[in-house]
Amino acid sequence: MANLKTLSRAAASGALALLALVAPAAAPAVAAGQPPKEGTYCTPWSGFYGHGRYTYADVRVCLRITSFELTQVSWQTDRVTYWHGISWHNPSNQYWATVGAQVEVKKEGETLFNHGHSTVQYKRQGDFEEGEFTQRECGTYWVTYKYLQVGPYYGQDKAINPPYWQGAQVEVPCAA
């Protein structure tokens with residue numbers, strides 16, 4: 001029985017060694033100076049509660065790479081809701097939210113984009129264009145943002161206004 005275990009381990013080790021010889025080396029995810037692949041690349045969703053946990057929203061920032069060497073920056077919201085009575089409610093024409101974000105995008109320490117604005121949101125989800133910048137290469141981008149929300153239903157006393165900036169790396173792959 002011991003010889004069978006030894007033989008099985010030896011066979012497995014040999015198979016792994018053979019696989020390592022024939023498997024191609026992994027290509028680097030990004031290379032400096034390479035053009036970016038078209039597509040949309042986003043930060044992870046982050047959830048925010050307002051003061052007293054009466055309001056809530058999920059937020060993320062996206063970079064949309066176009067064929068014109070432009071990167072369009074947008075921020076998205078989901079589950080923009082408020083607690084009233086015994087349940088959560090969505091915004092409406094009667095109880096809307098004023099939402100806003102300040103967004104900054106950097107690559108290798110250089111600020112490529114810094115802009116903010118606010119708007120009114122009447123639905124549970126929103127997608128808001130922030131602006132664009134010229135991008136000529138793939139790689140790792142550092143995206144930070146500060147989100148602010150007043151409402152729905154409640155005023156400034158229950159606003160979402162975190163004292164910190166949210167940040168994440170966004171990997172933009174290289175075009176083939």
Q) Has the stretch 109-124 got at least one residue that is buried (at least 17 other Cβ atoms within 10 Å of the Cβ), aromatic (F, W, Y) and over 16 Å from the mean Cα position of the chain (by Cα)? A) no
Q. Can you tell me which residues in the stretch 48-79 are at pLDDT 95 or above, of a type in the set (G, A, S) and either out of contact with any strand residue (DSSP E or B) (no Cβ under 8 Å at 6 or more places or on another chain) or closer than 18 Å to Y95 by Cα (or both)?
A. G50, G52, A57
Q. Tell me, which residue of the stretch 127-164 that is modelled with pLDDT under 95 and among the hydroxyl-bearing types (S, T, Y) is nearest to H84 (Cα to Cα)?
A. Y164
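Please go through the stretch 39-59 and pick out each residue that is outside any strand (DSSP E or B) and either in contact with a helix residue (DSSP H, G or I) (Cβ under 6 Å, 6 or more places away or on another chain) or not aromatic (F, W, Y) (or both). Spell out the reasoning first.
Kept after step one, since they are outside any strand (DSSP E or B), are these residues of the stretch 39-59: 43-45, 50-54.
Listed by number, the residues that qualify are T43, P44, G50, H51, G52, R53, Y54.
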Q. In the stretch 131-168, what count of residues is obtained for those that are out of contact with any Phe, Trp or Tyr (no Cβ under 6 Å at 6 or more places or on another chain), under 26 Å from P36 (Cα atoms) and assigned to a strand (DSSP E or B)?
A. 11
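The values are calculated or read from the model by the stated rules, or taken from the named source; none is laboratory data. Here the structure is a predicted model, which is why all the values come from computation and not from measurement. Glycine also receives a Cβ, built like all others from the backbone with ideal geometry; neighbour counts cover every protein chain displayed.
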